[in-house]
Amino acid sequence: MPFASVNGIELYYERAGDGPPVLFLNGSGSTLAHVAPIIEALARHLDVVAHDQRGLGRSDKPRGPYTMADYAADALGLLDHVGWPTCRVVGVSFGGMVAQELAVTTPSRVERLALVCTSPGGAGGSSFPLHELAGVPPARRAATGRRLLDTRFSEEWLATHPGDRLLVDAMAKRGSEAAPDEVRRGEAEQLGARRRHDVWDRLGRITCPTFVAAGRFDGIAPVANSEAIASAVAGATLHVYEGGHAFFVQDRRALPELISFLGS
């Protein structure tokens, strides 16, 4: 299994595909196992490197607190490890926050940037405070999670949309999986860094072509937050899809358009 020694920790990563080099940055609580279908789709056209971010999966889980600068530095260290002076970067949800931090810190390393269902923080708008769900009773947390995933997801909606019901059931199963205390601690550290994310005043430093994508019914990262990012990054294009936080699954246009942008 490939590991990279980065910033005093071991990061587990995978590399697949052939084509323009792309760094994929994952979302809150997500490991490479959770997003394998997306990475496989990207790797049919692109040379993709992705890793379990610190605190998650098979990567080390050092004591915190973690910062967004830590996550961006880990990503840059991984690029150095694989020998990429520059690459294209795609960040999904929390990964989009890391991608923004990376791009404003070292804009010369990023050839193209895709920011997917994410937020800039600060005056540009923050994503839903997921850390606040930690103490919520399970039934209420599940109901809130459905509406955050897609604001249309009432029981009435799901009763007549079987594809969306499958999506909800899959996410509920993932959320109910028992995890060791060390894993829970790593997830909590990540949510702490997420809570403090604010790159809004620095977005003007991004100079590369930027693809900003949002789900029209996303309850975690509202469209307004993506609109704010697109307004602050020179030349950025905004793409709104018919779906929620998982619009890649719901709108068939999304993934091909992302791949086309990254491969250009």
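Within the bounds of the range 249-260, is there any residue that is of a type in the set (A, V, I, L, M, F, W, C), modelled with pLDDT under 95 and crowded, with 16+ Cβ neighbours inside 10 Å? Yes, because at least one residue in the range 249-260 is of a type in the set (A, V, I, L, M, F, W, C), modelled with pLDDT under 95 and crowded, with 16+ Cβ neighbours inside 10 Å. Considering Tyr66, Tyr13, the condition of being touching a Lys or Arg at 6+ places or on another chain (Cβ under 8 Å), modelled with pLDDT of 95 or more and over 18 Å from Cys117 (Cα atoms) is satisfied by Tyr66 alone. Residues in the range 166-205 that are basic (Lys, Arg) and in contact (Cβ under 8 Å) with a residue 24 or more places away in the chain were compared, and the one that is nearest to Leu56 (Cα to Cα) is Arg185.
Listed conditions (1) more than 16 Å from Cys208 (Cβ to Cβ); (2) over 17 Å from the mean Cα position of the chain (by Cα); (3) not charged (D, E, K, R) are all met by Gly263, apart from (1).
How many residues does the range 232-246 hold that are among the β-branched types (Val, Ile, Thr) and under 17 Å from the mean Cα position of the chain (by Cα)? Before you say what the answer is, go through the steps one by one.
Going through the range 232-246, the residues among the β-branched types (Val, Ile, Thr) turn out to be 233, 237, 240.
Of the ones still in play, those that are also under 17 Å from the mean Cα position of the chain (by Cα) are 240.
Of the residues in that region, 1 qualify.
Arg147 falls short on exactly one of the conditions (1) basic (Lys, Arg); (2) in contact with a helix residue (DSSP H, G or I) (Cβ under 9 Å, 6 or more places away or on another chain); (3) closer than 21 Å to Val92 by Cα, and that condition is (2). Restricting attention to the range 98-124, the residues being buried (at least 18 other Cβ atoms within 10 Å of the Cβ), under 13 Å from Arg194 (Cα atoms) and either of a type outside the set (A, V, I, L, M, F, W, C) or touching a helix residue (DSSP H, G or I) at 6+ places or on another chain (Cβ under 6 Å) (or both) number 7. Restricting the range 170-194 to residues that are modelled with pLDDT of 90 or more and over 14 Å from Thr31 (Cβ atoms) leaves a set whose member that is nearest to the chain's Cα centre (by Cα) is Arg194.
Considering only residues in the range 155-169 that are surrounded by 12 or more Cβ atoms within 10 Å (Cβ to Cβ) and of a type outside the set (A, V, I, L, M), the one that is nearest to the chain's Cα centre (by Cα) turns out to be Asp164.
Output yes when any residue across the range 188-211 is basic (Lys, Arg) and farther than 17 Å from Pro120 by Cβ, and no when none is.
Within the range 188-211, the subset basic (Lys, Arg) is 194-196, 202, 205.
Now narrow it down to the ones that are farther than 17 Å from Pro120 by Cβ: none.
Checked the range 188-211: no residue is basic (Lys, Arg) and farther than 17 Å from Pro120 by Cβ.
Here are Val82, Val98, Val48, Val92: which of them is free of Cβ contacts under 8 Å to residues at least 40 places away in the same chain and of a type in the set (A, V, I, L, M)?
Working: Val82 fails: free of Cβ contacts under 8 Å to residues at least 40 places away in the same chain; Val98 fails: free of Cβ contacts under 8 Å to residues at least 40 places away in the same chain; Val92 fails: free of Cβ contacts under 8 Å to residues at least 40 places away in the same chain.
Going through Val82, Val98, Val48, Val92 in turn, just one is free of Cβ contacts under 8 Å to residues at least 40 places away in the same chain and of a type in the set (A, V, I, L, M): Val48.
Among the residues of the range 224-248, those that are surrounded by 16 or more Cβ atoms within 10 Å (Cβ to Cβ), touching a strand residue (DSSP E or B) at 6+ places or on another chain (Cβ under 9 Å) and assigned to a helix (DSSP H, G or I) comprise Asn225, Ser226, Glu227, Ile229, Ala230, Phe247, Phe248.
Got a sec? Which helices (runs of 4 or more DSSP H) wholly within the range 13-113 have at least 2 residues that are under 19 Å from Gly186 (Cβ atoms)?
On the way: elements: 36-43, 68-82, 94-105.
By residue number, 68-82, 94-105.
Here's the yes/no breakdown for (1) buried (at least 22 other Cβ atoms within 10 Å of the Cβ); (2) closer than 16 Å to Gly192 by Cα; (3) touching a Phe, Trp or Tyr at 6+ places or on another chain (Cβ under 8 Å); (4) aliphatic (A, V, I, L, M):
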residue: Ala4; (1), (2), (3), (4): no, no, yes, yes
residue: Leu32; (1), (2), (3), (4): no, no, yes, yes
residue: Val48; (1), (2), (3), (4): yes, no, yes, yes
residue: Pro62; (1), (2), (3), (4): no, yes, no, no
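Just one of Gly55, Gly19, Gly8 is touching a residue at least 24 places away in the same chain (Cβ under 8 Å) and either within 25 Å of Ala221 (Cα to Cα) or not small (Gly, Ala, Ser) (or both); which is it?
From the options Gly55, Gly19, Gly8, the qualifying one is Gly55.
Could we say that Glu111 is acidic (Asp, Glu) and over 19 Å from Tyr13 (Cβ atoms) here?
yes
The values are calculated or read from the model by the stated rules, or taken from the named source; none is laboratory data. Only a predicted model underlies this, so the values are computations on that prediction, with no experimental measurement involved. Using ideal geometry, Cβ is built from the backbone for each residue, glycine included, and neighbour counts are taken over all protein chains shown.
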